[in-house]
1. Are any residues in the stretch B:57-82 in contact with a helix residue (DSSP H, G or I) (Cβ under 6 Å, 6 or more places away or on another chain), part of a helix (DSSP H, G or I) and closer than 22 Å to residue B:635 by Cβ, and if so, which ones?
2. Counting just the residues of the stretch A:350-409 that are of a type in the set (A, V, I, L, M) and in contact with a Gly (Cβ under 9 Å, 6 or more places away or on another chain), which one comes out farthest from residue A:475 (Cα to Cα)?
3. Specify the residue that is surrounded by the fewest Cβ atoms within 10 Å (Cβ to Cβ); the eligible residues are those in the stretch B:173-197 that are in contact with a strand residue (DSSP E or B) (Cβ under 9 Å, 6 or more places away or on another chain) and β-branched (Val, Ile, Thr).
4. Of all residues in the stretch B:467-491 being open to solvent by 10 Å² or more (accessible area, probe 1.4 Å) and within 14 Å of chain A (Cβ to nearest Cβ), which is nearest to the chain's Cα centre (by Cα)?
5. State whether the residues of the stretch B:261-280 include one that is among the aromatic types (Phe, Trp, Tyr), at the interface with chain A (Cβ under 9 Å from one of its Cβ atoms) and either farther than 24 Å from residue B:613 by Cβ or in contact (Cβ under 8 Å) with a residue 60 or more places away in the chain (or both).
6. Yes or no: residue A:339 away from every other protein chain (no Cβ under 11 Å), part of a helix (DSSP H, G or I) and surrounded by 14 or more Cβ atoms within 10 Å (Cβ to Cβ)?
7. Would you call residue A:310 within 14 Å of chain B (Cβ to nearest Cβ) and aromatic (Phe, Trp, Tyr)?
8. Yes or no: residue A:521 open to solvent by 60 Å² or more (accessible area, probe 1.4 Å) and assigned to a helix (DSSP H, G or I)?
There are 2 protein chains.
Amino acid sequence: MRNLLAALCCLALAQPALADEGMWTYDAFPSAQVKATYGFEPDAKWLDHTRLASARLAGGCSASFVSPDGLVLTNHHCAHSCIEQLSTAKRDFVAEGFLAKTEKDEVRCPEIELNQLVAIDDVTDRVLAATKGLAGGKAFNEAQRGEMARIEKQCATGDEVRCDVVTLYQGGRYHLYKYRRFQDVRLVAAPEFAIAFFGGDPDNFNFPRYDLDFSFLRVYENGKPAKTEHWFPMSVSGPKDGDLVFVSGHPGGTNRKVTMAELELERDARTPQRLLYLAELRGILSEFSKTTPEHKRISSPSLFYIENSFKARQGRLAALHDEVFMAGKREAEAAFKKQVAADAALATAVGPAWDTIAAAMKRYRLILDRHGLLEEGRAFNSDLFGLARLLVRAADEMEKPNEQRLREYADARLPQLKQRLGSEAPIYDDLEITTLGWSLTVLRRVLGADDAVVKKVLGERSPDELAQMLVKGSKLKDAAVRKALFAGGRKAIAASQDPFIVLARAVDGDARAVRTLYEEEVEAPVKRAHEAIAKADFAVHGTSTYPDATFTLRLSYGRVAGWTEDDGRVVPALTTIAGAFERATGRDPFKLPKSWLTARTQLDGKTSFDVATTNDIIGGNSGSPLVNAAGELVGLVFDGNIHSLAGDYGFDARKNRTVAVTSSALLETLEHVYGAKRLVGELRGPVATK
Amino acid sequence: MRNLLAALCCLALAQPALADEGMWTYDAFPSAQVKATYGFEPDAKWLDHTRLASARLAGGCSASFVSPDGLVLTNHHCAHSCIEQLSTAKRDFVAEGFLAKTEKDEVRCPEIELNQLVAIDDVTDRVLAATKGLAGGKAFNEAQRGEMARIEKQCATGDEVRCDVVTLYQGGRYHLYKYRRFQDVRLVAAPEFAIAFFGGDPDNFNFPRYDLDFSFLRVYENGKPAKTEHWFPMSVSGPKDGDLVFVSGHPGGTNRKVTMAELELERDARTPQRLLYLAELRGILSEFSKTTPEHKRISSPSLFYIENSFKARQGRLAALHDEVFMAGKREAEAAFKKQVAADAALATAVGPAWDTIAAAMKRYRLILDRHGLLEEGRAFNSDLFGLARLLVRAADEMEKPNEQRLREYADARLPQLKQRLGSEAPIYDDLEITTLGWSLTVLRRVLGADDAVVKKVLGERSPDELAQMLVKGSKLKDAAVRKALFAGGRKAIAASQDPFIVLARAVDGDARAVRTLYEEEVEAPVKRAHEAIAKADFAVHGTSTYPDATFTLRLSYGRVAGWTEDDGRVVPALTTIAGAFERATGRDPFKLPKSWLTARTQLDGKTSFDVATTNDIIGGNSGSPLVNAAGELVGLVFDGNIHSLAGDYGFDARKNRTVAVTSSALLETLEHVYGAKRLVGELRGPVATK
């Protein structure tokens, strides 16, 4: 009864929160709306500062600047790969944590690129002009790709500038996002994995939570810490229940404005296909990780990634299987179609867009397996194969004019490509052989032993035998060999006898063929149709809405708040450090690191640890700063609750929650567990002088 | 073009085959229909003989008698577990094959029970009378279970008689199936796994095929080979394209007459849940099997079973995701509902049956995970746990009157239960620890670390740690210990400190609770509703139809025939022994055994090997005899083609095919590869004297 009453009380209180939906672009942030709800109106200066103090890890995370000397705060799990890449069998920074005592101890991450958004330009007219009159197909694709490559190249005046033309509102707008690019990113500090991911997979996407999921990086320029004018001072007191908070970060992608046909393909084909792949690979790697401690160490970032993806996708699939939710989507689409049909001009402009998309989805379904295996690479689960393909394709692509290349080989993209080729990150034979052998088995299973590509790849070999031969026989682990092959171009690639190059050469035609099919028969007609639908959407619903997430910088507003489960259980907004000790069992993944056990008496157990807020986020927002109206960093976003997974398709303000580490927990533990004096000084210094 | 013409030609020829649908019960076989199509009318004598020469392996397969001395033919994969159970690290009969030189060398399979159907009685009136006036719920369930137990107990006059009340037509009929029961079943011969399952998982459910998937067993009575009056002589020439052929076997289950609500639950929840479980477990066991040769050996039957189930379920899911197929189902249900609604008497009798089922499916969805984990046992993937639960439950159940027990503990079921308890089949620690540790991880993942059952099961232990402790600490591997615990009843179980007994005791209440929820809120209302729908179905569509498969004996008719794929590819009906040599690569699973390579020159390559027929079968039919009109065994069913998987929900005569080993391949290889003189003599002897 008490639970029910509590539920009623909080449901009533929660009503204003319905307005918290939205991953807003900085050029169209609804400041007035925030003022109406929360009494604070972010102005242009506040917005510019917040934007410039925000950052993106190009690999798929968010971050922020937290000192004028290029100090960057992000999640442990965003730097997990780097931490593992810098580790060895003898010194495992993932398990032990990492703390650079001095600037000299800060070590470069081989594969991290950091971006700071400096400008947004609307290039819609230019992009649309280039494809004017073209139906969604080959010509449209080429024209659009060419124009995007031209725009990006004109913008990217050097390697330190990154320019991406991004598609917003499913083609309703095309914007040019210009970033300052940092590729010299060094690891400064990270706690032990055991506390960064306390509770492990079982507690992932759950709350209450007790994770210290942080890492500090630093961007360098010309071998020196970069000067970063815009940064967030860290709040000592941390967030309080009810506080207005903003999340400034890079939600990776949502599908709130896609059609029913696309949702159904996702539900019936794409997500199940991925989940089954991930489930089996998870089994493979869990068992692999148990064979030796070193196998455990080298497979840990993959396993983390797989488990996280699996849970996220499963949560999204649950939303797609929620009848009430889908009925709502179906009704909304029907109502919108009716509005369009009622307006002759609109109806003509939109044409058969929905049918076009539905037809494209049918075609997609036919090639889904092949596309996933050959082009998206699921048949070749191996870093070495990825590098070999990159080299083989580069040899072809680099000879073409910029506008005609595959998008990832355009001039504006080369810095990333070169970073990857030159990376000194270790590649482990055992892991490569295991995942590659397995994925080749999947290739044969899905396409059948008689498929021409399968025969070409395997010949008479078994998948494991082939994987062994490829990995043991390849020299591509050596960055110098890769760089030489890249520099040598088509001739060097054609002459190479490296078994991975030979394989990548052999299957590239097949992979490109299915990619072309996908791009011309699925992607292009869908893009064109969505452009038309987006136009109608603006006409019917107005333009004061936010676009689906596209891994571009967004600002979300909300407040610190728990929620009430359907069964009446009330989840409070904040956890405490003492709670972590209560939850600990001494066994992974509920085992606190020794540093914590030692420091227990020095820690103030009442310090808030993790926090839930109503902000609208999604995967990609990991590492985002949680900022208050005063512009202080009060938290570090690292997760969403289980209900946030449905956020891919729609925002449920009652239960969707962002989960962050509080700034108070960061400061308390940096000081009392890790003795990170230099770091605390850098973080607190500015606060004190503020 | 030629392909297209071929397709047209064969499509036309195939028309009569549309009538080949049906898994007919022996008491209602449509002989006249067969005569109309094929010119042969099976009479009562032919049917009785065929029925009595057919057999069932109670664990889930079909078989047949092939000599008057109790010789039984079934698949290798039906005896795979037995062959593995009789093997050791030093002598691996799965890899090497098995051949009993003399009768004395025939070895008893620890867990095989064989049934021969001797009578069918209609007990519909009795069962319905017992539940008259009861709505689908607790009282209905208890009354039905009690009456079934009574009927079975009256029928089962001794351990050598097995009696099952089976539900046909989803409750339209209740029949009593009376079997002669054999529990002393011995292994006589089996080829190497490499040829029994040549092509492995990639070729499974595919055709052309080259598998010698046989094993010979023998039933014993009182320590002597049993006399079996009815048996099939083996055809030397084997089947020819176009031949009329019958399959007499035990299709395990189909869902052709279920409602849309049930199909949708299967599509959206049950099958995906199982597939994900199997996918991950497959990953776990594939990797486990690579750690040592012994791990490979002991995990091989599980891995085979998992891969086979995975592929079968995936094929079925594809049918449920086939829009055209599902639209047909939806229309048929709508049309049927309309017919019912138009008839006042019918409408009253059926009532809200469809809505009742739909509501039950919604409730099922809510408890699906918990039911699967706790009651169906997916949280405790361990033979030892299964035995422990059996003992714990038996202690409670055996004190109750027969009619009130859980169905599997009723008196008529005790022989199976005792066979399992007394089995000397080895149980391997490493395998148990691996699958149990993993499944406990799944338990925690799915229900969450804070779930009361999870906390009770794990306490502070990690899943792997708990699995290790349980397996290493248990004495349940010893059959004598199990028998003593069973004999000791409630007191012995309550006093036991065996860690598996302790665990099974601790979770039994939770498992029973979710079982009760399932039985009373899902199963009972669905049964009751289906009884009403079945009645209406008979009224509207007549009674000359066949019931969904229920692992009871069925007879299917059809003909030897290939088929044409949608892309025009023509698949012929027969393969040859020479084809196997052509397909071999020397690598698993395309590696022919040494015996075959040695015998190559002695073999007639033109001998037919595997055959496709239009018979309507499904999983459970493995091991069925393929019989011609003359009553000769012309083949041994071991698979269906990929299109047969959709047969769970409907029969597509154009493409659904049964796959069998020909009798000619059996005789040719027994003689020329295996030198199985004694066996060939026994098989050929009777043929010659016929």
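The values are calculated or read from the model by the stated rules, or taken from the named source; none is laboratory data. Since the model is a prediction, treat every value here as computed from it, not as a measurement. Reconstructed Cβ throughout: ideal geometry from the backbone, glycine too, with neighbour counts over all protein chains shown. Ligands, DNA and RNA are stripped out before the accessible areas are found, and what is left, the full protein with its side chains, is counted by its heavy atoms. Shrake-Rupley method; radii C 1.70, N 1.55, O 1.52, S 1.80 Å.
1. Once the filter is applied, which keeps residues that are in contact with a helix residue (DSSP H, G or I) (Cβ under 6 Å, 6 or more places away or on another chain), part of a helix (DSSP H, G or I) and closer than 22 Å to residue B:635 by Cβ, the stretch B:57-82 yields B:76, B:80.
2. Going through the qualifying residues, I end up with A:360.
3. B:188
4. For the stretch B:467-491, the residue satisfying everything is B:468.
5. Scanning the stretch B:261-280 turns up at least one residue that is among the aromatic types (Phe, Trp, Tyr), at the interface with chain A (Cβ under 9 Å from one of its Cβ atoms) and either farther than 24 Å from residue B:613 by Cβ or in contact (Cβ under 8 Å) with a residue 60 or more places away in the chain (or both).
6. Spelling it out, residue A:339 is indeed away from every other protein chain (no Cβ under 11 Å), part of a helix (DSSP H, G or I) and surrounded by 14 or more Cβ atoms within 10 Å (Cβ to Cβ).
7. The answer is yes for residue A:310.
8. Yes.
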